Amino acid sequence: MRGHVLTSFLAAATAVTLAGCSDGSATDRPSATATATATATATTEARQTPVPRTAITDPPIEQAEVHCDAGRAVVADHNNEEVTVPDCEAVVIDTSNALIHLGRTGTLTVSGALNGIDATSLSKVVLDGDANRVSTPSEPRVVDNGAANSVRH
């Protein structure tokens with residue numbers, strides 16, 4: 001008798017365990033309502049999640065001034081800086097990746113690369129470096145010995 005009770009108990013436990021298994025029929029698939037509800041819930045949660053609002057800024061660019069001595073200014077060792085040069089007869093730029101503001105300039109010679117240069121006026125521009133941009137309202141004579149340079153007036 002004890003064996004029959006144990007066998008009956010095991011059979012009942014197996015039946016309960018197998019009751020949760022699927023046979024792959026269409027009735028075992030979740031309904032469209034359940035899917036739509038889950039999707040709607042996920043969408044609502046996404047809309048309610050706050051977007052972080054932090055100020056991401058670059059560090060301030062260093063400022064530099066180069067003086068004109070005896071009619072000549074040399075901009076050197078000012079990489080990644082914003083440089084101001086007053087009116088000067090001749091300016092030589094031997095730096096790279098800088099933003100340079102010039103006053104009235106006679107001759108500008110650029111041997112650095114990747115500079116953005118604006119001038120109040122220029123008579124002549126000599127570009128020995130590469131990828132420099134020069135902007136001026138005047139129409140200077142341009143000698144371009146480099147590559148990918150531009151002079152806009």
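The values are calculated or read from the model by the stated rules, or taken from the named source; none is laboratory data. These numbers were taken from a predicted model, which means no experiment stands behind them. Glycine also receives a Cβ, built like all others from the backbone with ideal geometry; neighbour counts cover every protein chain displayed. In case anyone asks, the SASA skips ligands and DNA or RNA and just uses the protein heavy atoms, side chains included. Shrake-Rupley method; radii C 1.70, N 1.55, O 1.52, S 1.80 Å.
Between a first residue in segment 63-74 that is more than 13 Å from His101 (Cα to Cα) and in contact (Cβ under 8 Å) with a residue 12 or more places away in the chain and a second residue that is acidic (Asp, Glu) and open to solvent by 70 Å² or more (accessible area, probe 1.4 Å), which pairs have beta carbons less than 6 Å apart while being 6 or more apart in sequence or on different chains?
The qualifying pairs are Gly71/Glu89.
Output the residues belonging to segment 125-149 that are closer than 18 Å to Ile100 by Cα, assigned to a loop (DSSP other than H, G, I, E, B) and open to solvent by less than 50 Å² (accessible area, probe 1.4 Å).
Those that are closer than 18 Å to Ile100 by Cα, assigned to a loop (DSSP other than H, G, I, E, B) and open to solvent by less than 50 Å² (accessible area, probe 1.4 Å): Gly129, Ala131, Asn132, Thr136, Ser138, Pro140, Asn149.
Buried (at least 19 other Cβ atoms within 10 Å of the Cβ) and either under 28 Å from the mean Cα position of the chain (by Cα) or not in a loop (DSSP other than H, G, I, E, B) (or both): which single residue out of Thr105, Thr120, Thr84 fits that description?
Thr105
Residue by residue, here is whether (1) among the β-branched types (Val, Ile, Thr); (2) modelled with pLDDT of 55 or more; (3) closer than 20 Å to Leu108 by Cβ; (4) in a loop (DSSP other than H, G, I, E, B) holds:
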position: Arg47; (1), (2), (3), (4): no, no, no, no
position: Ile56; (1), (2), (3), (4): yes, yes, no, yes
position: Pro59; (1), (2), (3), (4): no, yes, no, yes
position: Gln63; (1), (2), (3), (4): no, yes, no, no
position: Val75; (1), (2), (3), (4): yes, yes, yes, no
position: His78; (1), (2), (3), (4): no, yes, yes, yes
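Yes or no, residue by residue, for (1) under 18 Å from Cys68 (Cα atoms); (2) not hydroxyl-bearing (Ser, Thr, Tyr):
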position	(1), (2)
Thr105	yes, no
Val110	yes, yes
Asp118	yes, yes
Ser123	yes, no
Val126	no, yes
Asn132	no, yes
Asn145	no, yes
Ala148	no, yes
His153	no, yes
